[in-house]
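One structure is given here, and the rest of the page talks about it.
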Amino acid sequence: MKIFCPTRHRRHAPAFDYSDGVPPFEHLEKPSRIDGVLEGLARCGLTDVAPVDDLAADAVAQLHDDDYVAFLHALCEDLAEDEQFIPTIFHDDLDGAPLRFSAGRFCKEIGTPLSRGSLEAALNSAAAALQAANQTADTSRESFALCRPPGHHAGHRRYGGYCIFNNAYIAASAIVAAGHRPAVLDIDYHIGDGSIEFANGDAPYHSLHADTRTTYPYLQHLTERPHVSLVELPPDIAVADYVDLLRVELAKIAASSTHLVLSLGFDLLADDYIQDVVTAISAEDFEPIGQAIGALDMPQTLILEGGYDRDRLADCTQAFFAGFMPARADRSAAP
Ligand code: OKP
Ligand code: ZN
């Protein structure tokens with residue numbers, strides 16, 4: 001499996017995170033997460049790492065709105081090297097306001113502070129997704145993009161939830177452009193409310209996620225619609241039940257699509273600090289999850305999303321690929 005690792009992701013390094021009722025705290029969507037994932041991959045012998053230096057400006061311009069991308073360019077350029085930017089005002093009549101007071105048009109959550117390097121890092125993260133998708137489309141072999149910042153909360157014209165550009169749909173769009181029919185399957189603990197904006201008949205969206213009403217992004221009226229399949233996880237879910245729910249989505253995807261784009265978050269891990277409704281999933285439990293997904297007999301592009309327990313990310317990654325890689329091999333050996 002080829003691994004696509006962005007080389008500029010450290011340019012985005014949010015210092016503080018914000019949540020209701022607590023003082024600002026250390027931001028855990030941090031550069032060292034990638035080191036944890038790489039360590040887990042190496043333990044599985046997965047060391048075919050391609051560094052990605054590119055910026056996917058064209059692919060991002062095709063997916064996201066022009067005024068949103070132009071805003072990010074102008075803002076990041078305006079920031080001092082050591083500055084972290086969070087908007088202060090949010091209402092619907094900010095068009096034409098001074099640059100720093102217009103950000104509330106696009107920012108939907110203040111736990112995603114931007115810095116001078118954030119745009120460069122987000123474009124580089126999108127480039128990793130794009131290269132992984134192109135490699136899978138060209139060779140039918142699985143690829144893994146170590147995207148950072150993550151992407152599934154980023155919509156056409158909004159950032160937040162640690163996400164700036166939608167890496168999974170950057171990948172899906174490239175696979176569509178190559179003439180295939182991908183499905184996006186999101187196993188991050190959170191729903192990809194950004195990804196949902198991009199779901200369509202060419203690239204449907206499937207997600208298993210914690211209750212969206214009581215967990216980020218706290219959406220109260222989310223419902224299924226054509227090309228969007230949503231599975232809410234019950235509290236304290238354990239791996240056997242999780243894999244049962246997962247198999248139902250995998251069967252739907254097998255019936256409708258030719259390629260898989262996997263939004264791979266490791267924040268399903270019990271007690272990841274981000275969980276409002278906790279799971280009963282251990283690091284080792286990622287093995288049967290990886291196994292079930294790897295057995296889906298179609299080319300797969302994996303896109304990193306969340307997972308914030310820096311000390312256990314390597315264990316989660318190792319377990320996932322200990323299940324995933326043998327399942328890929330078995331499936332290619334099948335007659
Ligand atoms: C990004 B990803 C909850 C605060 C939530 C944002 C969470 C972003 C998750 N008290 N802060 O892993 O889906
Ligand atoms: Zn998440």
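Note on Glu81 and Val243: their simple-model spin labels are 5.1 nm apart, each label 7 Å out from Cα toward Cβ. Taking a point 7 Å out from the Cα of Thr214 in the direction of its Cβ, the residues of the range 251-290 whose backbone N falls within less than 12 Å of it are 276-279. Distance between the pseudo-spin-label points of Ala74 and Leu94 (7 Å out from Cα toward the beta carbon): 1.3 nm.
Computed with a 1.4 Å probe over protein heavy atoms only, the accessible surface of the range 1-149 comes to 45 Å² per residue. Between Ser195, Gly104, Val176, the Cα set farthest toward the positive side of the dipole of the range 103-222 (charges on each charged residue's Cβ, about the Cα centre) is that of Gly104. List the lysines whose Cα lies under 24 Å from the Cα of Lys30, skipping any in the same chain that are fewer than 8 positions away. Partners found: Lys2, Lys108.
So if I take the centroid of the Cα atoms in the range 131-193 and the same for the range 1-60, what is the distance between those two points in Å? Cα centroid of the range 131-193 versus Cα centroid of the range 1-60: 15 Å apart.
Rounded to 0.05, the FRET efficiency of the Lys252 and Val278 pair, given R0 = 41 Å and the Cβ-Cβ distance, is 0.90.
Legend: calculated FRET efficiency, Asp330 to His156, from the Cβ-Cβ distance at R0 = 51 Å, rounded to 0.05, equals 0.85. Considering only His73, Gly45, Gln84, and ranking their Cα positions along the charge dipole of the range 30-98 that arises from unit charges at the beta-carbon of Lys, Arg, Asp and Glu, the one farthest toward the positive end is Gly45.
If R0 equals 25 Å, the separation of the Cβ atoms of Glu224 and Arg141 corresponds to a calculated FRET efficiency of about 0.20. In summary, the aspartates and glutamates within cross-link reach of Lys252, defined as a Cα separation below 18 angstrom excluding same-chain residues under 8 places away, comprise Asp186, Asp202, Glu224, Glu232, Asp241, Asp244, Asp297. Estimated at 0.36 nm per residue, the fully extended path between Val22 and Ala42 surpasses their Cα-Cα distance by 3.5 nm. According to the calculation over all Cα-Cα pairs in the chain, the P(r) per 10 Å bin from zero is 6, 28, 38, 22, 5, 1, 0 %.
Got a sec? Charge dipole of the chain, +1 on Cβ for Lys and Arg, -1 for Asp and Glu; which of Leu268, Ser282, Thr258 is way out at the positive end? Among Leu268, Ser282, Thr258, the one farthest towards the positive end of the dipole of the chain is Thr258. Taking every alpha-carbon pair in the range 255-335 and binning the separations at 10 Å intervals from zero gives 19, 47, 26, 8, 1 percent. Net charge dipole, the range 196-335: roughly 520 debye, given to the nearest 20, about the Cα centre with Cβ charges of +1 for Lys and Arg and -1 for Asp and Glu.
The values are calculated or read from the model by the stated rules, or taken from the named source; none is laboratory data. Owing to the predicted nature of the structure, the values given are computational and were not obtained by experimental measurement. In this analysis, Cβ positions are derived from the backbone assuming ideal geometry, glycine residues included, and neighbour counts consider all displayed protein chains. Surface accessibility is based on the protein's heavy atoms, side chains included, excluding ligands, DNA and RNA. Shrake-Rupley method; radii C 1.70, N 1.55, O 1.52, S 1.80 Å.
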